[in-house]
Amino acid sequence: MNLSDALDKYFKSINKEIRKVITDKTDEILSLSANEDPCKSRDFKDHLSVQAASESKEIQVDQRIDTFNKVKELQSKGTPIKRIATILKISRNTVRSYFIQETLSPRIHPRSVNINLFSGYILSRLNIEGYKKKDIFDEILELGYNGGRTQAFDYINKLRLEYGLTTLDNIEIQQKMTPYVKPLNSRKLAKYIGGSMSDIEDPDEKSCMKTLIENLPELQIVRKLVQIFRAMIKRGSGNITRWIDFVKRSKRKLPGLKSFAYGLSRDIKAVQNGILYLGVTGLLRDMLTELKASSAKCMEGLVLNFLEER
């Protein structure tokens, strides 16, 4: 078992405590996240949704127009029907249909839907906060609506955009009333626990990690243990025996970490030699880097002298 696996096991064992902190501190986490990244704030998201709604209202065009124009352009160049169908990935019948049209004809539906008759009723229902689209659909169905659910829902959304209605439906109210923070999984917690908060790119994950460390005192101990262990590995020196003893004798359960410590103690000599080897390797690497740099400078000086003599 390596340290990452040990931490993964540890965080899985305290999953209930983590979820409780996140549930209790949801507002605090969301507030921290908004401060880290303004784009995460609810006001910013509401602004984007309004902007998207207005844009979608402005750009309601027949999606066939672009294809129709391309067909007419290729037709003017004398491109065969089969070739056009292959290029644009449409059927040859569609190409033939566009060939004989000067302008694109409107879509013809086999059955007319009488949804327009219920516009007034739908608008009155949309002005009542907490409405459900399904209820509106069921009500207009009883009043004589002859279309399907998808058509009704699309028309309801269209009316809402057209009249700029900002009343919240039932789902939107629930989402606003119950803010949610997605808990970090055990692997991410294991990855972040020993590192710097500034290295966590996602604002939500950074805020969540900060809140957990501040509200779970045991995590502060685990964080320090991980940082000390990684520092020993990086430096190639340190009292690994003392680290192992601290974990083994801790009054806290520390599942995963204690197993890891007992595993290290069973072959302590090999562990110490491994840390020493990493230290020597790092030292040699640094020396080699310095040697290369000095050699490069020396070579540069020789080249300059040669050029000056020439």
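The values are calculated or read from the model by the stated rules, or taken from the named source; none is laboratory data. Because the structure is a prediction, the values reported are computed rather than measured. Reconstructed Cβ throughout: ideal geometry from the backbone, glycine too, with neighbour counts over all protein chains shown.
Structure notes:
- Filtering region 70-90 to residues that are under 19 Å from Thr103 (Cα atoms), assigned to a loop (DSSP other than H, G, I, E, B) and within 40 Å of the chain's Cα centre (by Cα) leaves only Ile90.
- Residue satisfying all of: in region 172-187; of a type in the set (D, E, K, R) and at pLDDT below 90; surrounded by the fewest Cβ atoms within 10 Å (Cβ to Cβ) among these: Lys182
- Candidates Asn146, Asn157, filtered to the one that is more than 30 Å from Thr79 (Cβ to Cβ), among the polar types (S, T, N, Q) and not in a helix (DSSP H, G or I): Asn146
- Residue pairs whose Cβ atoms lie under 8 Å apart, separated by 6 or more positions or on different chains, with the first residue in region 183-208 and in contact (Cβ under 8 Å) with a residue 24 or more places away in the chain and assigned to a loop (DSSP other than H, G, I, E, B) and the second among the hydroxyl-bearing types (Ser, Thr, Tyr) and surrounded by 14 or more Cβ atoms within 10 Å (Cβ to Cβ), are Leu184/Tyr192.
- The set of residues from region 129-175 being among the charged types (D, E, K, R), touching a residue at least 24 places away in the same chain (Cβ under 8 Å) and more than 19 Å from Asn114 (Cβ to Cβ) comprises Glu129, Lys132, Arg160, Asp169.
- Pick from region 211-232, criterion at pLDDT below 90 and crowded, with 16+ Cβ neighbours inside 10 Å, ranking: nearest to Lys16 (Cα to Cα): Phe229
- Residue in region 269-277 that is modelled with pLDDT of 60 or more and closer than 30 Å to Asn15 by Cβ present: yes
- Residues satisfying the stated conditions in region 118-151, i.e. among the polar types (S, T, N, Q) and under 16 Å from Ile171 (Cα atoms): Asn127
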